[in-house]
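*Asks:* Quick one: the structure is below, and I'll ask about it shortly.
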């Protein structure tokens, strides 16, 4: 285009920042809605897994309507985000073409005026318009490719955030042959958050090899946490814990996994937002217990 008319090419170049700004705004919107779509798809997978894995719980508590409503809400949210993504793509494509159309109209007006570009004949002008029209198709393809590219980047961000998580610390250097299997806890304490108090405090016991030790307590008292800490999968707050007369941190995780085994209980859980969702809403036929009348005091 510079060969045909440098002045008209400069007029086209004025529209380049506008088109670049539109593409940048579209890229941000594509990435934002792509992230939301990915999150909603994860929620749909979670609800489906809960309904399939915990179908007995759903049937017992008559939660079919709740699960269906939750699945429908997630799909509706996904549909809205996808429609917004399509609207941004269609609107950005239209605005880009309108911008180039305005530039072409301005060039035609200048060319026909004959004041700024004297001596331009019809063949030169048609050649310039042809070169200008050849830019429309590549710009449209860039807009369409940008939508898929930004959705892929949004998925890649989530993936790499997971990959960038720190690995499980393994400072153990001790290797074992045949392990005897004695487990001992001395004044073991653990807290997920110190400001909310400790889950375990001052736990001490010894499980000798060949014996069975039952850890009994109410729900949420830290039984699973205590057993999970035997694997050193979490960081102790304060502890003196040993296995086969060796401290847990000194044993390599690979050696510990090869010399021990665990039988875990796998349970199915349903996600019910509380306190926004009452038990009566999830369990429609559940009747609240009638309030007892006040007792009469006889004198």
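The values are calculated or read from the model by the stated rules, or taken from the named source; none is laboratory data. Here the structure is a predicted model, which means the values were calculated and not measured. Every residue, glycine among them, receives a Cβ derived from its backbone with ideal geometry; neighbour counts consider all protein chains shown.
Conditions (1) closer than 30 Å to residue 104 by Cβ; (2) at pLDDT 85 or above, marked per residue:
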| position | (1), (2) |
| --- | --- |
| 16 | yes, no |
| 21 | yes, no |
| 30 | yes, yes |
| 43 | no, yes |
| 48 | no, yes |
| 53 | no, no |
| 56 | no, no |
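*Asks:* Which members of segment 207-233 meet the condition of being in contact with a strand residue (DSSP E or B) (Cβ under 7 Å, 6 or more places away or on another chain) and either modelled with pLDDT under 60 or in a loop (DSSP other than H, G, I, E, B) (or both)?
*Replies:* 213, 222, 230
*Asks:* What about residue 189, is it modelled with pLDDT under 80, outside the structural domain of residue 21 (by TED's automatic domain parsing) and in contact with a strand residue (DSSP E or B) (Cβ under 8 Å, 6 or more places away or on another chain)?
*Replies:* yes
*Asks:* Follow-up. Only one of (1) in contact (Cβ under 8 Å) with a residue 12 or more places away in the chain; (2) assigned to a helix (DSSP H, G or I) is not met by residue 42, so which one is it?
*Replies:* Residue 42 satisfies every listed condition except (1).
*Asks:* Hey, does segment 93-115 have a residue that's outside any loop (DSSP other than H, G, I, E, B) and more than 26 Å from residue 139 (Cβ to Cβ)?
*Replies:* Yes, there is a match, as at least one residue in segment 93-115 is outside any loop (DSSP other than H, G, I, E, B) and more than 26 Å from residue 139 (Cβ to Cβ).
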